[in-house]
Each structure stands twice: as structure tokens, then as C-alpha cells.
């Protein structure tokens, strides 16, 4: 689920005591085994306590789309991606510019309407150019077992399951800074065993979904934190990657994932709790 979603972890001593930004944090074990076909059921709990919202998205692709990034090796649970040059004069809406060439995006397939069921509630989402539903309110509470099913169409019928994760209690949010030379450690209360946390940072220079640079980090929830490698952070925070600074929020996702091969198509279900991070470099 590339940047879907797409979206700096490490920490927690054995006694759960706070860890300083320069303290050693064990390396996480990232899970970047993302499939090109995916469904996501994402809840967001508003930090001001005023409620939340639900988003259901999905793209069933039978071949990998062009990915106009140079993706580097994983370091300490994180990977850095730099957008390749995009110098095409004009591409169609179903193409993406990779260097100087417009490359066609693969067709998004249908498996018929998908139904999400759990906790005595359900939602059905029909296929258009993918699957998409948004509503205010959070119908599926934390800890609810969800079933996501489709009757089949261009992609065969499938059924995937996942348990909704707890809302993330982000620690020291008001102390987070994106600044060359300073560490960035994102901490949360590790209170949802069996879930994972995925951080996505996206520099905002450019337009649409293809950001100038990405940092993605992934770790088990019990780590309680993600520490972005300093060399990655310094490259990312460089002003050359940034425009207005307001075009893209960064996201932290606590998630559980189910995978299945549907016919010959690997499909992932992401059940996530999302929180946005507002971080821009110093001017």
C-alpha cells in the first residue's frame, strides 16, 4: 500500500519509563511487504475529543503501477524515497510521468461491492474507479472483529478479517520538530498488542500524490516509538524538498493486516487507526 498511503518508531524500556530523544532505542523490525491490491478501513479519532470519522478505500490492481521514486535500502526500520525527475510535457489522466516518459497506470479491477461487517454494524461500498467511502463518526469501535467480503467480478470473490486497533495516544506531540541536525522521535503509548505502527512523512514540493521525498518507518506497537535515522531526517528537512509546507499532512497509522491470494492476485486488508502530524521544517 504505497503511501496510501499510505505514512519513526522505537522505544520503551522494560518498565515503560520515558526515554529521552538521544537515548538508544532498539531497531524495529519493519514489515514493508505491501501488496499492490488492497482495501483499507481507516478510523480517525479527533484529538480534541469531538468525535472521529471513517474512511474505506480500495484499489484492486493485478499489476504493479509505475512508482516514480528511487527507493533506498531500509535503515533502522525506515526507508527513504526520492522522486525521480518528471519532465514530460503533458500526460493523460491515466498516466504518470516517469523521467521523460508518460507511463500508463494499470486498470483498477472490481470484485463487486465490498461489505464491511463488525460489531453489529456494516457498510457496503460499490466500485467506481476503485472503492471509496467517507463518513463522520466511527461505527466500528476499537477491538471489533471486522469481516470484509466481496462476491467477485474481474477479481475473484474474497473474504478478509481484521480487528480494529485502539486509538493512538501520541506522546509529546507539541514537542515534535522537523529540523536539520535535531532528532525526531515519535512516541506513543504501546497499548495494543499485536498491532503495528507505520509512519509516513512526505515533503510537499510538487503536486498531487507524488511528493519530492518520502520517509516510511514501520514497527511493532510494543516498541512505543519510532526514531527517524538522523541522516534521513537531515536530507528530508532540507529546504530544497519543500514549497509552502502546508500541502500534505504526515500520518501515523496503527494497523492490523490480513493477506490472501485471490485467484492469482495478492490482496491486503488494512484495518487502521490514523493520526495526522503537522511538521514543517524551520524557515
- Query: Can you tell me which residues in region 211-220 are under 26 Å from residue 52 (Cα atoms) and surrounded by fewer than 23 Cβ atoms within 10 Å (Cβ to Cβ)?
  - Reply: 220
- Determine which single condition residue 48 fails, assuming it passes every other condition in (1) at pLDDT below 85; (2) touching a strand residue (DSSP E or B) at 6+ places or on another chain (Cβ under 7 Å). (2)
- Report the residue count in region 237-269 for those that are in a loop (DSSP other than H, G, I, E, B) and either at positive phi or at pLDDT below 90 (or both). 9
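Can you say whether residue 31 is at pLDDT 85 or above and surrounded by fewer than 16 Cβ atoms within 10 Å (Cβ to Cβ), as far as the supplied structure shows? Spell out the reasoning first.
Details: at pLDDT 85 or above: yes; surrounded by fewer than 16 Cβ atoms within 10 Å (Cβ to Cβ): yes.
For residue 31, the condition - at pLDDT 85 or above and surrounded by fewer than 16 Cβ atoms within 10 Å (Cβ to Cβ) - is met.
The values are calculated or read from the model by the stated rules, or taken from the named source; none is laboratory data. Keep in mind that this is a model prediction, so the values were computed, not measured. Neighbour counts run over all protein chains shown; Cβ positions are idealised from the backbone, glycine included.
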